[in-house]
Amino acid sequence: MESKCATTIAHFLAINIPEARAKENIIRYGLELMITAFVGLLLMICVSVIGGHPLIWLPFIFGFAPIRTTAGGYHAPSHLGCYIVTTATYSFFMMLALFLRTHLWIYIVSTAVSFLLVLTLSPVEAQNKPLSQRKRKANRRASLFLAAVELIGAV
């Protein structure tokens with residue numbers, strides 16, 4: 001669905017904007033990423049609304065997105081797989097956080113576990129997009145910094 005939609009829009013732009021013709025594939029890829037991100041975010045918002053906390057996705061995105069960008073992680077083999085894994089994981093941790101929110105220690109424990117995971121595993125590369133040694137070091141430093149900031153904030 002994402003690919004077909006992005007291809008249609010990119011082709012429309014290439015036909016109507018002369019400057020876009022030479023970059024139709026790049027535009028298509030960028031649109032596909034944007035559509036995928038939008039659908040994933042929309043699913044998180046829907047889960048939050050259904051769970052009775054319509055804005056709870058905001059701290060998750062602000063805490064998770066920077067770490068995910070620098071530390072890497074699991075890549076599902078399809079967009080549908082990505083939506084399912086992300087939505088299920090988000091739903092589980094949202095319910096867990098809501099259930100345990102009266103226990104303040106949960107914030108420290110969860111960010112400590114996150115920090116330890118980043119410390120031991122970061123960066124996790126995508127199989128089809130290996131990192132250069134320089135980018136690997138930069139991502140590791142950035143992810144450790146972000147995880148440390150989140151841990152300090154939780155404490």
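The values are calculated or read from the model by the stated rules, or taken from the named source; none is laboratory data. Since we're looking at a predicted model, the values are computed, not measured. Reconstructed Cβ throughout: ideal geometry from the backbone, glycine too, with neighbour counts over all protein chains shown. Each accessible area value is taken on the protein alone, full model and side chains, heavy atoms only, with ligands, DNA and RNA left out. Shrake-Rupley method; radii C 1.70, N 1.55, O 1.52, S 1.80 Å.
Some observations on this one:
- Filter pass, THR87 being assigned to a helix (DSSP H, G or I), under 18 Å from MET34 (Cα atoms) and in contact with a helix residue (DSSP H, G or I) (Cβ under 9 Å, 6 or more places away or on another chain): yes
- The stretch 41-76, subset in a loop (DSSP other than H, G, I, E, B) and in contact (Cβ under 8 Å) with a residue 12 or more places away in the chain, residue nearest to PHE92 (Cα to Cα): GLY51
- Those residues of the stretch 99-136 which are among the basic types (Lys, Arg) and more than 20 Å from the chain's Cα centre (by Cα), in sequence order: ARG101, ARG134
- Verdict on THR120 being touching a residue at least 12 places away in the same chain (Cβ under 8 Å) and either open to solvent by 100 Å² or more (accessible area, probe 1.4 Å) or part of a helix (DSSP H, G or I) (or both): no
- Neighbours by Cβ (under 8 Å, 6+ apart or cross-chain): first from the stretch 100-117, within 22 Å of PHE145 (Cα to Cα) and part of a loop (DSSP other than H, G, I, E, B); second open to solvent by 70 Å² or more (accessible area, probe 1.4 Å) and charged (D, E, K, R): none
For (1) among the hydrophobic types (A, V, I, L, M, F, W, C); (2) within 27 Å of LYS4 (Cβ to Cβ); (3) surrounded by 14 or more Cβ atoms within 10 Å (Cβ to Cβ), each residue gets a yes or a no:
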| position | (1), (2), (3) |
| --- | --- |
| ALA37 | yes, yes, no |
| LEU55 | yes, no, no |
| PHE60 | yes, no, yes |
| ILE84 | yes, yes, no |
| PHE99 | yes, no, no |
| VAL109 | yes, no, no |
| ALA138 | yes, no, yes |
| LEU146 | yes, no, yes |
